[in-house]
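Since the structure comes first, as C-alpha cells, the remarks are kept for the end.
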Amino acid sequence: MASTIEWMNVALEKAKDALKAGEVPVGCLFIYKNKVISTGRNTVNETRNATRHAELNCIDDVFRFCQLRKLNYMEVFTDVDVIVTVEPCIMCAAALHQLKVRSIIYGCANDRFGGCTSVFEVPKLYETRIFIEGNVKGNEAMQLLKEFYKGTNPNAPECKVKKGRKRNAT
C-alpha cells in the first residue's frame, strides 16, 4: 500500500512530463482501491482546449475505465482519492465535488484560481464531506510552477506573451 507521499511523487513526475511538453506543470492521479486507475497532466496547449486540466483528463479516463468494466461510475468515484500537484481550480474542484470523490490531496496552493481553500471554497457550495489536504510536497510542486512561469508560453496569443518588465515612471 503506497503512502500519500509516494503517490504525490508519481503525480510530480506527471507534472514534469507536462513541463517538458510546454504545459503548466500539473500532474494528477486517481486512486481506486489502492490502485492507480488514471494518471493525467495538463494538455491545454497541446489540445488548444482550456478545459484540458489534469483532473478533467483523469475524470474522462475513469469514465472509460468504468465503461470497459461495466462499473457504476458514481460508485467508483465515491471511492476515488485524487492526488494532484496543485490545488484544483474552481472548475476542477466543482467537477470533483459533483462526482463526490472521497478525497483531494494536493501539493501547493493555487493562489489565483484555487477551488478548495485558496480563492473559493467549493466544498461549502456542495456541502460535501470530501477530505481535503494541502501542502503535500508543496515546495516541489511550486518549484515546477516557478520554472514554467520563468519562460514564455509559445501558444499564448501575441498580446499575452511576456515582453519583459518595464517600469512606469510616475
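What follows draws every value from the coordinates through simple rules; no lab data is involved. None of the values given here were measured: they were computed from a predicted structure. Ideal geometry is used to build each Cβ from the backbone, glycine not excepted, and the neighbour counts take in all protein chains shown.
In the chain, a dipole from Cβ-located charges (positive for Lys and Arg, negative for Asp and Glu) runs towards its positive end, and of 138, 149, 106 it is 149 whose Cα lies farthest in that direction.
The modelled label-to-label distance for the pair residue 150/residue 75, using points 7 Å beyond Cα in the direction of Cβ, is 4.9 nm.
So how do 103, 38 line up by other beta-carbon neighbours within 10 Å, fewest first?
Working: 103 15, 38 22.
Ordered from fewest to most neighbouring Cβ atoms within 10 Å, 103, 38 come out as 103, 38.
Between region 33-69 and region 84-142, the alpha-carbon centres lie 16 Å apart.
The length gained by stretching the chain between residue 21 and residue 33 to full extension, at 0.36 nm per residue less their Cα-Cα distance, is 1.3 nm.
Order by neighbour count: 100, 124, fewest other Cβ atoms within 10 Å first, most last.
Values: 100 16, 124 8.
Ascending number of Cβ neighbours within 10 Å: 124, 100.
Residues 91, 8, ranked from the fewest to the most other C-beta atoms within 10 Å, line up as 91, 8. Between 12, 71, 99, the Gaussian network model of the chain with springs among Cα atoms under 10 angstrom shows the greatest mean-square fluctuation at 71.
Between 0 and 90 degrees, the angle of helix 4-20 with respect to the longest Cα principal axis of the chain falls at about 40 degrees. Label the chain by shape, choosing from rounded, prolate and oblate, from the square roots a ≥ b ≥ c of the eigenvalues of the Cα gyration tensor; if a/c is under 1.5 it is rounded, and otherwise prolate applies when a/b is larger than b/c, oblate when it is not. Note, shape of the chain comes out prolate. Counting charges near residue 17 (Lys, Arg +1; Asp, Glu -1) among other residues having Cβ under 12 Å from its Cβ returns a value of +1.
Beyond a 22 Å Cα-Cα separation, which of these cross-linked pairs lie in this structure: 14/146; 35/100; 14/70; 20/146?
Working: 14/146 16 Å; 35/100 18 Å; 14/70 28 Å; 20/146 14 Å.
The pairs that break the limit, which is 22 Å between Cα atoms, are 14/70.
Indicate the gyration tensor shape class of region 1-68 (rounded, prolate or oblate), computed on the Cα atoms with a ≥ b ≥ c the square roots of the eigenvalues: a/c under 1.5 is rounded; otherwise a/b larger than b/c is prolate and the rest oblate. List each step's numbers first, then the result.
Working: a/c = 3.14, a/b = 1.24, b/c = 2.53.
Judged from the Cα gyration tensor, region 1-68 comes out oblate (a/c at least 1.5, b/c at or above a/b).
Taking amide H positions as modeled 1.01 Å from N, with prolines and chain starts lacking one, the residues under 5 Å from residue 132 and 5 or more places away or on another chain are 104. The GluC sites (Glu not before Pro) of region 56-140 that meet both conditions, a loop assignment by DSSP and at most 11 other Cβ atoms within 10 Å of the site Cβ, are 127. Think of each Lys and Arg Cβ as +1 and each Asp and Glu Cβ as -1; about the Cα centre, that makes the dipole of the chain roughly 620 debye.
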